[in-house]
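These notes concern the structure reproduced below.
The values are calculated or read from the model by the stated rules, or taken from the named source; none is laboratory data. Source: prediction; values computed, not measured. FYI the Cβ positions are ideal-geometry reconstructions off the backbone, even for glycines, and counts take in every protein chain you see. The protein model used for the area step is the full one, side chains on, heavy atoms only, and it has no ligands, DNA or RNA in it. Shrake-Rupley method; radii C 1.70, N 1.55, O 1.52, S 1.80 Å.
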Amino acid sequence: MTENDLPGSPEASVLLTEREHLRALLRLMPVGVFIVDAQGRLLESNPAAEALWGGPLPRVGLEGYGVYEGYWPGSGRRLEPHEWALARTLRDGQPVVNEEVEIVGQDGLRRTVLHSTTALRDARGTIVGAVAVKVDITTRRQTEHAEAFLAEATRLLVESLEWEGTLQAMARLATRQLADLCIIDVVGDDGELHRLVATARNPAHQAVLPELMRFPPKLGGPSPLARVFTEGRPLLVPELSPQLLRELARSPEHLRILKLVEGGTCMVVPLSVGARQVGIINFILATPGRHYTERELGYAEELARRVAFVVEHARLLRETQQALRSRDTSLALLEAFLAASPVGMGFVDRGLRYIHINPVLATINGKPIEEHLGRHVRDVLPELMEAIEVEQLLLRMMESGEPVLNQDITVPARPGIPPRPVRSSFFPVKAKGETLGAGVMVLDMTEQKRAEDGLRFLAEATTRLSASLDLHTTLVNTARLVVEHMADSCIVDMRSANEQGLERVAAVAREPDAQLLLDELMRFTPPPRPDSPIWQVLESGKALLFPELSEAVLDGAANNPEHRTLLRQLHPSSGMMVPLIARERTLGVLTVVSHDPLHHYTERDLAFMEDLAWRAALAVDNARLFQQAEQAVAARDEFVAIATHELRTPLSALSLQLTALQRAVDMGRPPTEERLRQSLLTARRQTERLEQLVSHLLDVSRISTGRLELELELVDLSQLVQRLVVRFEEKLAEAGCTPVVRAGSPVMAKVDRLRVEQVLMNLLSNAMKYAPGQPVELGVERQEPRAVLWVQDHGPGISPEAQARIFERFQRASGKHSRESLGLGLYVSRQIARAHGGDLSVESTLGQGSRFILHLPLG
């Protein structure tokens, strides 16, 4: 039956009302809606559908669906006429829900859409047509790709200190998600731009990249790329026209390469460090139908700024509208549309009684669909009516005929259901000028609000974490931030100084009673056990999510029964353990716990927590670096003071001797032979001391810069020790030390002869200095696969505390010899031993002397 049948009859009036009802609904829909008959011919569509296809839709049957151009995502294969969702639904009667397809409209633009279709049947169940809903998700997909790219690029930036490799990896990532070609130019030492990276998705483009690397932009020229660098402003090029390519080309060969992307689009963004320009990034799209937008340019600019922090995650709101339909075909269309809608939708009559509602809106309202139908809005949502004048709003809207859009409303809390922010739109439904009722569309804004709150919190957290360079303050601020935003308690464990254990450095709780328990828990640092969750996170660098904290998890985290009892008294319900990672090193672990039995952490919470932990780790690492810098400055000042004193002492003595001799000569009283001999002997000793001090300083410099070189040769260590004792006979005699050598049979080793002599001379000198008048023992023996040499004195010995530090730089003995050296001899000696692949150690007991043992590999 058509509109012309039964003119003036009640049936015609009802049919016209239904048709107008449907058309009014379709005009309001922001998504494309198509209604076809059983042969696939178009019956109804709305403006959104024509906008999707870039013009009026052809009225063809199934056999003519080839005029539509569509491609399967991923494979890129074009859809055959029988593969379109409408064709399949008309053929087998099965609905299609949210099938993703890339289409090319009549305007040449490529769009990504979600198809949903359902069959329309008459009273006998025969398929009489079908309805299709198409949602344009192009912007969302582009945003998702850009955000994924930004997230992955940020991960690459923070995980590696090798920036060239990072940029190469980032460019490869860009060609998978953001561009067909990605080119990065950086400034060299000569002040010109140099092409660092050029990657492409298409093999044809990839083949010419080696040639393209030879043509970076020339600064100072008319090239738009050079202007981007010079002015520091991004550039979006809608179309790479032949004229523009000629401006960019530096030679005919260069122009030939550039023609491969003719007709494409590109965006160029500057790379800046403060006010200094360091390069540019060029993103190029050569895919037909795809064009960069200002949105993508914004992402490109954000990428260029993300050297320090990743500040935002883009979001895309999926907004769709669905419609009603009553009676036969219109009712079937409406029910299918409402069921497939991702937003809450419903219709009420003029008496404000629900006549249709979809599952999403029922969920938002917290009641099943059956409790809505036929009931007044006031009876279904009495809490909302008390809080907001929705009833009056609907009545005024139906009276004025003007829709009310994007009203932000908070649905009040109910038992077991927290408050829920929603964005609602209301529109009148009319037929022939008569208002039949009102339509309602409700978008749950909970996740969006949560994301907005999260971004604001992260921005605030970055500021607060950067406010202090004190390590402990930064760690406590981190725990407090976590508790303020998303936890009932937070514990921070950091690697100990020796890297072998953990130190519990901060514990913050929301409630005072819980804080008292956390103060007790500070005593229980997690030991290094394979079954400890914290150590698993620390060793793997990967976060752990515990939606529910079971008894088994608590048992694994507890050190002993007392610890387990304290953990259970906290009543933890859910938790996360997130590593603090900076410069590819795990510094510690954040343990985040919820005590609310209704609050369970999700993967979204874990991702947010990882973002916060990354920022906190950078702040902690900055605090550590600042602390180390302060220590380095203190060490430098101490070294300058020591070196100044130690170098001045022999110089002063030498100057005094020379001055005395000069004065005697000037006065005509030349010194006696004995006095001259003593003066020369003193001068020689001070000169030797200066030589030793300078030698030690040079060795420390070589060791610090990794330039301590060894000239290895096969040496008889027994013979080396015996010859050294002969050379030291005079000094040993002066010190009253009798040498005892235990080096009988030859011990051959491949070593640097002079360096080994240097170590033994230093040990022998120390023995004479700290144990004068006592015998000194020197020994050599073979202990496969090493040679062992030792020097034993019978002096006062070294305390256990001093033994741990005497091999460090600038560490000197206490007592009368404390100002006689730079404290570098044993440090240099041990470094020489380790450079050979051996070591130098000490065994000593107070009052019984000291034995220094030198281990050297034989091979």
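Roughly how far apart, in whole Å, are the Cα centres of the range 787-802 and the range 69-94? Between the Cα centre of the range 787-802 and that of the range 69-94, the gap is 86 Å. Peptides 80-86, 559-565, 515-521, 481-487 ranked from most to least packed give 481-487, 80-86, 515-521, 559-565, packing being the mean of other C-beta atoms within 10 angstrom over each peptide's residues. Each of the peptides 114-123, 428-437 was scored by the mean count of other Cβ atoms within 10 Å over its residues; in descending order, highest first, they stand as 114-123, 428-437.
Find, among the trypsin sites (Lys or Arg not before Pro) in the range 244-286, those assigned to loop by DSSP (not H, G, I, E, B) with at most 16 other beta-carbon atoms within 10 angstrom.
For trypsin sites (Lys or Arg not before Pro) across the range 244-286 that sit outside H, G, I, E and B with at most 16 neighbouring Cβ atoms in 10 Å, the list reads ARG250.
For LYS367, the aspartates and glutamates whose Cα comes closer than 17 Å to its Cα, not counting residues fewer than 8 places off in the same chain, are ASP379, GLU383, ASP444. List the lysines whose alpha-carbon lies under 30 Å from that of LYS432, not counting same-chain residues fewer than 8 positions away? Leaving aside lysines fewer than 8 places away in the same chain, those within reach of LYS432 are LYS134. Using the Cβ of PRO47 as centre and a radius below 15 Å, the other residues enclosed give a net charge of -1, where K and R count +1 and D and E count -1.
Annotation for the range 169-236: trypsin sites (Lys or Arg not before Pro) lying in DSSP loop with at most 15 further Cβ atoms inside 10 Å of their Cβ are ARG214, LYS218. Straight-line cross-link reach from LYS259 at under 22 Å between alpha-carbon atoms covers these lysines, not counting any fewer than eight positions away in the same chain: LYS218. For the range 510-579, the share of accessible area belonging to carbon and sulfur comes to 57 percent (1.4 Å probe, ligands and nucleic acids excluded). For the pair GLU144 and ARG480, a Förster radius of 41 Å applied to the C-beta separation gives a FRET efficiency near 0.75, rounded to the nearest 0.05.
Look at where the Cα atoms of the range 257-277 and of the range 187-224 average out, and the two centres are 10 Å apart.
With a Förster radius of 41 Å applied to the C-beta separation of ARG604 and ARG805, the computed FRET efficiency comes to 0.25.
Other residues whose C-beta falls under 12 angstrom from the C-beta of ASP488 contribute a net charge of -3, scoring Lys and Arg +1 and Asp and Glu -1. For GLU434 and HIS571, the FRET efficiency from 1/(1 + (r/R0)^6), where r spans their Cβ atoms and R0 equals 51 Å, is about 0.25.
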